[in-house]
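A short worksheet on the structure shown next.
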């Protein structure tokens, strides 16, 4: 993918709050994974969420990052970042 087609990464306010509540080491790993979405919005290991068209999730240890991709605008919108036991509640 060339430099012109890099995606902008935007955060839902809820996702920012969830990242802020994480342990610092986990938060660093999550932010690195999110940053990589700007060059590859559908990396290896990505899964589409069943019942939620257009939503994807990636794993970072026991945490999940739920996001959507707006291809026409080259935007990745991060919606949730939470432990796997609670991330899918109230999507």
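When you check residue 67 against the structure, is it surrounded by 19 or more Cβ atoms within 10 Å (Cβ to Cβ) and more than 8 Å from the chain's Cα centre (by Cα), yes or no? No; evaluated as a whole, the condition is false for this residue. Against the list (1) more than 13 Å from the chain's Cα centre (by Cα); (2) without any contact (Cβ under 8 Å) to a residue 24 or more places away in the chain, the condition residue 91 fails is (2). Got at least one residue in the stretch 47-56 being in contact (Cβ under 8 Å) with a residue 40 or more places away in the chain, over 25 Å from residue 6 (Cα atoms) and over 9 Å from the mean Cα position of the chain (by Cα)? So far as the stretch 47-56 goes, no, none of its residues is in contact (Cβ under 8 Å) with a residue 40 or more places away in the chain, over 25 Å from residue 6 (Cα atoms) and over 9 Å from the mean Cα position of the chain (by Cα).
Can residue 30 be described as under 13 Å from the mean Cα position of the chain (by Cα), modelled with pLDDT of 95 or more and on the phi < 0 side of the Ramachandran plot? Spelling it out, residue 30 is indeed under 13 Å from the mean Cα position of the chain (by Cα), modelled with pLDDT of 95 or more and on the phi < 0 side of the Ramachandran plot.
Within the stretch 50-74, the set of residues being over 18 Å from residue 30 (Cβ atoms), assigned to a loop (DSSP other than H, G, I, E, B) and touching a strand residue (DSSP E or B) at 6+ places or on another chain (Cβ under 8 Å) comprises 54, 74. Checking the stated criteria, residue 31 turns out not to satisfy the condition of being touching a strand residue (DSSP E or B) at 6+ places or on another chain (Cβ under 8 Å), surrounded by 13 or more Cβ atoms within 10 Å (Cβ to Cβ) and outside any loop (DSSP other than H, G, I, E, B). Restricting attention to the stretch 15-28 and to residues that are touching a residue at least 24 places away in the same chain (Cβ under 8 Å) and in a helix (DSSP H, G or I), the residue that is surrounded by the fewest Cβ atoms within 10 Å (Cβ to Cβ) turns out to be 26.
The values are calculated or read from the model by the stated rules, or taken from the named source; none is laboratory data. From a predicted model like this one, the values you see are computed outputs, not experimental measurements. Methodologically, a virtual Cβ is constructed for each residue, glycine included, from the backbone with ideal geometry; neighbour enumeration extends over all protein chains shown.
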